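Trainee: Structure provided below as structure tokens; questions to follow.
The values are calculated or read from the model by the stated rules, or taken from the named source; none is laboratory data. The structure displayed is predicted, hence computed values, not measured ones. Cβ: placed from backbone, ideal geometry, glycine included. Neighbour counts: every protein chain shown.
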Amino acid sequence: MTTSKNVLSNDVEIKGSIKFSHDLIIDGKIEGEVVSDGSLTVGENALIKGEVKTRSVIIFGKVEGNITVAERCELKSNAILVGDISAGTLAIEEGATFMGQSQVGKKPETKPAFGGAPKQP
């Protein structure tokens, strides 16, 4: 089985959602949701306006929307992100622009405190 990276070059513009399963490099413009259990690379010329939900993402370009990744989110030095991040790990290089909130780390399991429901008075 060969693992190849799919590429959407900088002359591609898509309005609508994209779903893929392995690795994708986007260098064009996307207006809509990007969903995958694979890895996404947002190229220097790329502009994504919409939600990104993938296993991991590396951003060199611009994203306007919230990012939810199971593993790692990297913002490279020229990256611009306007939106919130939820990721297992987050790396932001010097020079990157990030305007939003971040939630980093594994989500805690929701267990009731002290093993039971609160007592009614």
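Trainee: Need pairs with beta-carbon distance below 9 Å; first residue surrounded by 13 or more Cβ atoms within 10 Å (Cβ to Cβ) and within the range 1-18, second at pLDDT 90 or above and of a type in the set (Ser, Thr, Tyr); sequence gap 6+ or separate chains.
Mentor: Ile18/Ser36
Trainee: In the range 35-56, which residues are among the aliphatic types (A, V, I, L, M) and either over 14 Å from Asn6 (Cα atoms) or in contact (Cβ under 8 Å) with a residue 24 or more places away in the chain (or both)? Give the steps one after another, and end with the answer.
Mentor: At the first step, the residues of the range 35-56 found to be among the aliphatic types (A, V, I, L, M) are 35, 40, 42, 46-48, 52.
Across the range 35-56, the qualifying residues are Val35, Val42, Ala46, Leu47, Ile48, Val52.
Trainee: How many residues are over 16 Å from Asn78 (Cβ atoms), among the charged types (D, E, K, R) and assigned to a loop (DSSP other than H, G, I, E, B) when one looks only at the range 14-51?
Mentor: Looking only at that region, the number is 3.
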